[in-house]
Amino acid sequence: MVNIVALEAVNAHRWVNMHVKADKLPAFHKSAMRLCDPVSKARYQGVTDRLIEQKMQPVPWWFIAIASEREYSGPPHWDKQLGQGDPLNQRSHNVPANMGPYLAHEGDVTPGHDAWTRCCVDVLINSAPYAAKWPLWTIGGVLTLWEEFNGLGYAAMGVPSAYVWSGSDVYISGKYVRDHVYNAKYIDVQEGTAPLLSMMMAIDSSIQIEGLTVSMPTVSVPTVATPVLVS
């Protein structure tokens, strides 16, 4: 059993000490710009607005954006489910399984009233870790919620989650290559949610997290040995 309170503290500590790998910066910047684009942002915000209407925790648009980036393995796919990236119009087979299908309705309006939004609202309210009921939106809480979104297998082993930390110096190797299958030697090449969040905060000042100030991501530059001259 993973101690969630302890994990929140560990993730907050990791955030403070995190450095984004220098060679990953261009990719993180490109993704962050795409997710912060006004058209995409409006779709993510539409999910937040529907949650508010249902008197649920208003999961921030940027949390939804970054989770979708990980689940879709890249650019926005408005035809995929938020929970696991399965097709929107089919019942999901990956975890969380048996979600959907989510179908277009006559009179749908995008953003905010379409099949993709209905999927997101369903996942955030009714699927573990029930983000629309999550109480702690400090940086430790946010990072832990993303970790729970992907699964607590990493935490159970005491290692940083590839889902959260890939692309930073917090993460070295190891990944769940599919549900319940962990490969310790596999190196995740997807962009982790933590460094992506740090880049988005530097781009969009509307992203506010309790106790944090906006700053550019700290960069980790590989150490190069200084040659020794022998006379």
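If I go through region 5-34 residue by residue, how many of them are assigned to a helix (DSSP H, G or I) and touching a strand residue (DSSP E or B) at 6+ places or on another chain (Cβ under 6 Å)?
1
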**Prompt:** Which of (1) free of Cβ contacts under 8 Å to residues at least 24 places away in the same chain; (2) under 17 Å from Arg50 (Cα atoms); (3) surrounded by 15 or more Cβ atoms within 10 Å (Cβ to Cβ) does Asn126 not meet, given it meets every other one?
**Reply:** (3)
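Taking only region 25-84 into account, find how many residues are of a type in the set (S, T, N, Q) and farther than 23 Å from Val189 by Cβ.
First pass over region 25-84, keeping only residues of a type in the set (S, T, N, Q): 31, 40, 45, 48, 54, 57, 68, 73, 81, 84.
Right, trim to farther than 23 Å from Val189 by Cβ and you get 45, 48, 54, 57.
The total comes to 4.
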**Prompt:** Looking at region 150-177, which of the residues that are out of contact with any helix residue (DSSP H, G or I) (no Cβ under 7 Å at 6 or more places or on another chain) and in contact (Cβ under 8 Å) with a residue 60 or more places away in the chain is nearest to Ala27 (Cα to Cα)?
**Reply:** Asp169
**Tabulated pairs, region 1-27, first free of Cβ contacts under 8 Å to residues at least 12 places away in the same chain, second of a type outside the set (Val, Ile, Thr) and surrounded by 15 or more Cβ atoms within 10 Å (Cβ to Cβ), C-beta under 6 angstrom, 6+ apart or interchain** = none
**Message:** Just the residues that are touching a Lys or Arg at 6+ places or on another chain (Cβ under 7 Å) and either loosely packed, with under 15 Cβ neighbours inside 10 Å or modelled with pLDDT under 95 (or both), please, taken from region 96-109.
**Reply:** Asn98, Pro101
**Prompt:** Residues of region 79-95 being buried (at least 18 other Cβ atoms within 10 Å of the Cβ) and either free of Cβ contacts under 8 Å to residues at least 40 places away in the same chain or of a type in the set (Asp, Glu) (or both), which ones?
**Reply:** Lys80, Gln84, Asp86, Leu88, Ser92
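Going by what's in this entry, would Met56 be described as of a type outside the set (Phe, Trp, Tyr), touching a residue at least 12 places away in the same chain (Cβ under 8 Å) and farther than 21 Å from Leu145 by Cβ? Show your work before the answer.
Details: of a type outside the set (Phe, Trp, Tyr): yes; touching a residue at least 12 places away in the same chain (Cβ under 8 Å): yes; farther than 21 Å from Leu145 by Cβ: no.
No: the conditions fail for Met56.
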**Message:** Looking at region 61-73 only, could you name the residues that are farther than 17 Å from Asp114 by Cβ and either free of Cβ contacts under 8 Å to residues at least 24 places away in the same chain or in contact with an Asp or Glu (Cβ under 6 Å, 6 or more places away or on another chain) (or both)?
**Reply:** Glu71
**Asked** So which residues in region 27-51 are among the aliphatic types (A, V, I, L, M), closer than 14 Å to His113 by Cα and out of contact with any helix residue (DSSP H, G or I) (no Cβ under 6 Å at 6 or more places or on another chain)?
**Response** Ala42
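Based on what the data block shows, is Ala65 farther than 25 Å from Leu196 by Cβ and either modelled with pLDDT of 95 or more or buried (at least 16 other Cβ atoms within 10 Å of the Cβ) (or both)? Steps first, please.
Numbers: farther than 25 Å from Leu196 by Cβ: no; either modelled with pLDDT of 95 or more or buried (at least 16 other Cβ atoms within 10 Å of the Cβ) (or both): yes.
No.
Being outside any helix (DSSP H, G or I) and in contact with a Lys or Arg (Cβ under 7 Å, 6 or more places away or on another chain) is the filter; apply it to region 142-181 and report the residue that is surrounded by the fewest Cβ atoms within 10 Å (Cβ to Cβ). Can you show your working first?
Filtering region 142-181 down to residues outside any helix (DSSP H, G or I) leaves 151-152, 158-161, 166-181.
If we keep only those that are in contact with a Lys or Arg (Cβ under 7 Å, 6 or more places away or on another chain) as well, we get 160, 167-170, 173.
On the way: Pro160: 23, Gly167: 28, Ser168: 26, Asp169: 17, Val170: 22, Ser173: 13.
Among those residues, the one meeting the criterion is Ser173.
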**Asked** Name the pairs whose Cβ atoms lie under 8 Å apart, with the first residue in region 131-145 and farther than 21 Å from Pro195 by Cβ, the second in a loop (DSSP other than H, G, I, E, B) and among the acidic types (Asp, Glu), and 6 or more positions between them or separate chains?
**Response** none
**Message:** Being acidic (Asp, Glu) and part of a helix (DSSP H, G or I): is that true of Glu106 here?
**Reply:** no
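The values are calculated or read from the model by the stated rules, or taken from the named source; none is laboratory data. What you are looking at is a predicted structure, and each value in this text was computed from that prediction instead of being measured. Note: ideal-geometry Cβ built from the backbone for every residue, glycine included; neighbour counts use all protein chains shown.
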